[in-house]
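The values are calculated or read from the model by the stated rules, or taken from the named source; none is laboratory data. Note that the coordinates shown come from a computational prediction; the quantities given were computed from them, not determined experimentally. Quick reminder, even Gly has a Cβ in these numbers, built from the backbone with ideal geometry, and neighbours come from all protein chains shown. Just so you know, the surface numbers come from the protein's heavy atoms only, side chains and all, with ligands and any DNA or RNA stripped out. Shrake-Rupley method; radii C 1.70, N 1.55, O 1.52, S 1.80 Å.
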Amino acid sequence: MARMKFLCDADRCIECNACVTACKNEHEVPWGINRRRVVTIEDGKPGERSISMACMHCTDAPCSAVCPVNCFYTTADGVVLHSKDLCIGCGYCFYACPFGAPQYPKVGNFGSRGKMDKCTFCAGGPEADGSKEEYEKYGANRLAEGKLPLCAEMCSTKSLLAGDGEVIAKIYKERVMKRGYGSGAWGWKTAYRETIES
Amino acid sequence: MTRLARFVRLAIGASALLLLVTAAAPSMAQQVNPTASAVKEQQLLQELNRIQGRVSIPDQRSGVLEQPAGREWRKFRNVTLRWIGGIAIVGMLALLIIFYLSRGMVRLQSGRSGRTIVRFTSYERFVHWMTATCFIVLAISGLNVTFGRPLLLPLIGHEAFSAWSQWAKYAHNYLSFPFTIGVLLIFVMWIAGNIPNRVDVDWLKRGGGIVGHDHPPAYRFNAGQKAVYWIVVVGGLLVSATGYELMFPFYLSGIEGMQIAQMVHAIVAVLFVGVMLAHIYIGTIGMEGAFEAMGSGTVDVNWAREHHSLWLDEENARTDGARPQPSVTAAE
């Protein structure tokens, strides 16, 4: 079984934000919520890097560990998903997440944040694959159709990689070998407790 | 002449080519490494324990790329807090049960006189019970967040537990307002009687009326009650302040501030619950005649003499030495 992961090759990301746009459109993500965003570090300075970040689908996910109602589950592919029917919108996953992935539709509204929303690795939710209910709550289920997340699929520089962790790590390693440099797999140590030697 | 011109042209061309080659050589020999000055993830994390940058979407808070501090918070929430809360609450319950079994209810030594004196006005009792009711709901719904998943969820299942937790969350959020108002009113209403003084030292030395076996003198509030008062005021304001910080995310602080707020909120709250269990014990089965003070608002004069002798003297002096009125007027 594959272990799905994201990898953003920061030396290739050109901060075009197409992944952000693709995600919002594919899943009809409501206004104010961004499941994916591009962060530019050291903006305008030498050594500036941009990284596209969403839920990393962590190993031993902190969100899942701290959830008071245990609404998270990890699929056989290692994708961390949650049930919006069980979520009570308490905000705890959001305190625990290292990547700022959980989003709420009603931030700051007397604590009634509404059901949490986050990146699903284009794998929907607990409802039947491809059903209308699943689409309305979680967006498209591309994984069930045999497709990988759209953000990575349409990345123009192929900076953002999504798929089996071993496969994308190999692709990244080969790139680093060929071009002779690489600023590392951002977030991997925090999310998966491993790094890619480069 | 033409030969010389051709030679000169050739020489100039050759030297120009040589110059071009030697100038270009260093840049060709050295491989370009654009990551030489690139930002390094581990270095950034070590410096600040978080990585922050610029985003072009409206939500500027999403500029925080990574903050692994959530891991420590997770450990606190799932391990440390459960130990602190478990020890505070189960420990206090065990202590109270042992105490009750060994000491039993502290009886009125001189029995009841049949005459009563007003201890708490209806306004004071209203504020007390409003705060107390809110506190009980807040405590149960709060403990549900920490202990519900391991203890209650396996018993009632996911759907029922989520539905209950959702309502508990709403109750927790909305009842915080009357609770905070109650704490503020308690602070103002009873501050006069709760300033520690010399009488308290003697009272504490003699173990008060519940641990010790005699009745050290006390004014309206003894040292134990003063301790409860200050725990309620300080603890209540701490849980209120940290609770509102969590209820209104990003108004006061970022995520790291909310993690600290949750930690303070939870620790103060579980200790608060422990103290309140003891308060409820003394006010009900722990001491004869104590509940009436907050129940009907009046206490037996003998109870007042035993537990709050100085306060009774004050009250008697205030009513010009008049005898306390019988609560039940005899039919004449």
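Can you confirm whether region B:68-75 contains a residue that is at pLDDT 90 or above, open to solvent by 30 Å² or more (accessible area, probe 1.4 Å) and more than 11 Å from every other protein chain (Cβ to nearest Cβ)?
no
When you go through A:Ala191, A:Ala123, A:Ala128, A:Ala169 one by one, which is the residue that is within 20 Å of A:Arg37 (Cβ to Cβ), open to solvent by 10 Å² or more (accessible area, probe 1.4 Å) and not acidic (Asp, Glu)?
Sole residue among the options that is within 20 Å of A:Arg37 (Cβ to Cβ), open to solvent by 10 Å² or more (accessible area, probe 1.4 Å) and not acidic (Asp, Glu): A:Ala123.
Taking into account only those residues within region A:14-30 that are more than 16 Å from the chain's Cα centre (by Cα) and under 28 Å from A:Glu42 (Cα atoms), which is least open to solvent (accessible area, probe 1.4 Å)?
The selected residue is A:Glu15.
Of (1) open to solvent by 20 Å² or more (accessible area, probe 1.4 Å); (2) of a type in the set (Lys, Arg); (3) in a loop (DSSP other than H, G, I, E, B), A:Arg35 satisfies all except one. Which?
Among (1) open to solvent by 20 Å² or more (accessible area, probe 1.4 Å); (2) of a type in the set (Lys, Arg); (3) in a loop (DSSP other than H, G, I, E, B), the lone unmet condition for A:Arg35 is (1).
Within region B:244-259, can you find the residues that are over 19 Å from A:Pro98 (Cβ atoms) and either touching a Leu at 6+ places or on another chain (Cβ under 9 Å) or charged (D, E, K, R) (or both)?
Answer for region B:244-259, where residues must be over 19 Å from A:Pro98 (Cβ atoms) and either touching a Leu at 6+ places or on another chain (Cβ under 9 Å) or charged (D, E, K, R) (or both): B:Tyr244, B:Glu245.
Taking region B:47-59 only, how many residues are part of a helix (DSSP H, G or I) and either at pLDDT 85 or above or within 7 Å of another protein chain (Cβ to nearest Cβ) (or both)?
0
Might you check whether a residue that is away from chain B (no Cβ under 13 Å) and under 18 Å from the mean Cα position of the chain (by Cα) occurs anywhere in region A:80-99?
For region A:80-99, residues away from chain B (no Cβ under 13 Å) and under 18 Å from the mean Cα position of the chain (by Cα): present.
Do we find that B:Arg125 is among the basic types (Lys, Arg), part of a loop (DSSP other than H, G, I, E, B) and on the phi < 0 side of the Ramachandran plot in this structure?
no
Report, by residue number, each residue of region B:177-210 that is surrounded by 13 or more Cβ atoms within 10 Å (Cβ to Cβ) and of a type in the set (Val, Ile, Thr).
Passing the criteria: B:Thr180, B:Ile181, B:Val183, B:Ile186, B:Val199, B:Ile210.
Suppose the filter is surrounded by 16 or more Cβ atoms within 10 Å (Cβ to Cβ), without any contact (Cβ under 8 Å) to a residue 40 or more places away in the chain and out of contact with any Asp or Glu (no Cβ under 7 Å at 6 or more places or on another chain); does B:Leu65 pass it?
In short, yes.
Which one is nearest to the other protein chains (Cβ to nearest Cβ), of the residues in region B:225-239 that are more than 17 Å from B:Leu277 (Cα to Cα) and out of contact with any Leu (no Cβ under 9 Å at 6 or more places or on another chain)?
Top of the filtered list is B:Leu238.
Taking region A:50-65 on its own, how many of its residues are facing chain B (nearest Cβ under 7 Å) and either assigned to a loop (DSSP other than H, G, I, E, B) or crowded, with 23+ Cβ neighbours inside 10 Å (or both)?
The number of residues fulfilling the criteria is 3.
Considering only residues that are open to solvent by 40 Å² or more (accessible area, probe 1.4 Å) and either outside any helix (DSSP H, G or I) or at positive phi (or both), which ones fall in region B:218-234?
B:Tyr219, B:Arg220 - these are the residues of region B:218-234 that are open to solvent by 40 Å² or more (accessible area, probe 1.4 Å) and either outside any helix (DSSP H, G or I) or at positive phi (or both).
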